[in-house]
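Undergrad: Okay, handing you the structure first.
The values are calculated or read from the model by the stated rules, or taken from the named source; none is laboratory data. Since this is a predicted model, take the numbers as computed values, not measurements. FYI the Cβ positions are ideal-geometry reconstructions off the backbone, even for glycines, and counts take in every protein chain you see. What goes into the accessible areas is simple: the full protein's heavy atoms, side chains included, and nothing from ligands, DNA or RNA. Shrake-Rupley method; radii C 1.70, N 1.55, O 1.52, S 1.80 Å.
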Amino acid sequence: VSTLRPQDRFNVVAFGTAVKSFRDGGLVEANEENRKAALEFVDGLAARGGTAISSAIERAFGHLGGPDRG
């Protein structure tokens with residue numbers, strides 16, 4: 001997250017027993033506010049539960065197909 005450039009877009013997908021994204025709705029701009037909030041999101045994650053990696057991969061690829069990805 002720290003090395004993203006201003007022209008980049010990103011999201012973070014966390015998975016365990018459940019899957020959750022840093023932001024719902026797809027990719028966000030890599031501006032200072034979103035990078036800071038993403039780092040806080042990551043800092044708040046804790047390892048627990050199962051490994052829903054299949055669902056996490058599906059969610060991540062779903063972000064790539066959003067309307068902002070021509």
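Undergrad: Does ALA18 meet the test of being exposed (fewer than 12 other Cβ atoms within 10 Å of the Cβ), among the aliphatic types (A, V, I, L, M) and on the phi < 0 side of the Ramachandran plot? Outline the logic, then answer.
TA: Working: exposed (fewer than 12 other Cβ atoms within 10 Å of the Cβ): yes; among the aliphatic types (A, V, I, L, M): yes; on the phi < 0 side of the Ramachandran plot: yes.
In short, yes.
Undergrad: Is at least one residue of the stretch 42-53 in contact (Cβ under 8 Å) with a residue 24 or more places away in the chain, surrounded by 11 or more Cβ atoms within 10 Å (Cβ to Cβ), aliphatic (A, V, I, L, M) and in a helix (DSSP H, G or I)?
TA: Checking the stretch 42-53: at least one residue is in contact (Cβ under 8 Å) with a residue 24 or more places away in the chain, surrounded by 11 or more Cβ atoms within 10 Å (Cβ to Cβ), aliphatic (A, V, I, L, M) and in a helix (DSSP H, G or I).
Undergrad: Under 6 Å between Cβ atoms, at least 6 apart or on separate chains: pull out the pairs that start in the stretch 1-29 with a residue that is acidic (Asp, Glu) and end on any residue that is open to solvent by less than 30 Å² (accessible area, probe 1.4 Å).
TA: What qualifies is ASP8/ALA30.
Undergrad: Mind counting the residues in the stretch 25-35 that are modelled with pLDDT of 90 or more, under 13 Å from the mean Cα position of the chain (by Cα) and either not in a loop (DSSP other than H, G, I, E, B) or not hydrophobic (A, V, I, L, M, F, W, C) (or both)? Give the derivation first.
TA: Applying the first criterion (modelled with pLDDT of 90 or more) to the stretch 25-35 yields 27-35.
Filter once more, keeping what is under 13 Å from the mean Cα position of the chain (by Cα): 27-30, 34-35.
Restricting the remaining residues to those that are either not in a loop (DSSP other than H, G, I, E, B) or not hydrophobic (A, V, I, L, M, F, W, C) (or both) gives 28-29, 34-35.
Counting residues in the stretch 25-35 that are modelled with pLDDT of 90 or more, under 13 Å from the mean Cα position of the chain (by Cα) and either not in a loop (DSSP other than H, G, I, E, B) or not hydrophobic (A, V, I, L, M, F, W, C) (or both) gives 4.
Undergrad: Here's another thing I want to ask about it. For the stretch 28-40, what are the residues that are surrounded by 17 or more Cβ atoms within 10 Å (Cβ to Cβ) and under 15 Å from HIS63 (Cβ atoms)? Give the derivation first.
TA: As a first pass, look at the stretch 28-40 and keep what is surrounded by 17 or more Cβ atoms within 10 Å (Cβ to Cβ): 28, 30, 34-35, 38.
Selection gives VAL28, ALA30, ASN34, ALA38.
Undergrad: If HIS63 passes every condition in (1) crowded, with 16+ Cβ neighbours inside 10 Å; (2) assigned to a loop (DSSP other than H, G, I, E, B) but one, which one does it miss?
TA: Single failed check for HIS63: (2).
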